[in-house]
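The structure appears right after this line, and notes come after that.
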Amino acid sequence: MVNVALPKGRLGEKVYDLFERAGYSCDEMHDKGRKLIFENMEKGIRYFWVKPSDVPVYVERGVADLGIAGKDVLLERHPDVYELLDLALGKCRMCVAAKADFFDDGEKTLKVATEFVNIASEYYARQGRDIDIIKLHGSVELAPKLGLSDVIVDIVETGTSLRENNLVITDEILPISARLIANKANFKFKTKEIEDIVNLMRKQVKEND
Ligand code: PRP
């Protein structure tokens, strides 16, 4: 069996569609319920629905052979896994944003609120900029509005969250998309099965383009 950790939510549904079109369907997946494990014995595949930010944990520890994680999660956590394929889904950008009237003189310590402490710290370290990092777990757009921070580092997809909170992008850090990842040791034992999946998925990604 190849065990796959899928990220719960909208992205996960799209990723599962890709697996289905690649020939790895599992009929029970369409019954909406609370069940978290689904398998297709004939195809030799088993899916688990996990919290998106936990996908690398399952894969790194080998409970899942494969998983799907956003590039943001991979850059933030640096899990020791193989990155096999860019699925070109869940596309968005990691950006710096601030109030439109914020002026950065580049001199004083910049207050940065974010869920992505490592990505933000590495970005400002590359610029040699001193920052005061403020870790938040959501509703990050509030921070500049309430004076908790000067800027935020966050994911921008449509730009609606920023617009509705009167924030503007001041810098783009990097593009993000969903990646297929694999446990390193399990990849050695199940090379053929995993490569078959990757090749069929790659075809589907190209057709989606
Ligand atoms: C992300 C991100 C922004 C929003 C951006 O939050 O933190 O708030 O999406 O998308 P937009 O540009 O299309 O408005 P998410 O919905 O994942 O929830 P979170 O606040 O819990 O991280």
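Each reported figure results from applying straightforward, stated rules to the coordinates on display, with no laboratory input. Given the structure is predicted, the values throughout are model-derived calculations rather than measurements. Note: ideal-geometry Cβ built from the backbone for every residue, glycine included; neighbour counts use all protein chains shown.
Descriptive notes on the structure:
- Kirkwood hydrodynamic radius over Cα pairs of the chain, then Stokes diffusion coefficient at 25 °C and 0.890 mPa s, in µm²/s: 132
- Restriction of the trypsin sites (Lys or Arg not before Pro) in the range 98-176 to DSSP coil positions whose beta-carbon has at most 11 other beta-carbons within 10 angstrom yields LYS108.
- Cα centroid of the range 53-117 to Cα centroid of the range 173-209, whole Å: 19
- Among the lysines of the range 5-160, pairs at least eight places apart or on separate chains and with Cα atoms under 20 Å apart come to 28.
- Where trypsin sites (Lys or Arg not before Pro) fall in DSSP loop in the range 27-82, at most 12 other Cβ within 10 Å: LYS32, ARG34, LYS35, ARG61
- Loop-located GluC sites (Glu not before Pro) in the range 45-138, at most 13 other Cβ atoms within 10 Å (DSSP): GLU107
- Neighbour-count order for GLU193, GLU20, GLU42, fewest beta carbons within 10 angstrom listed first: GLU42, GLU20, GLU193
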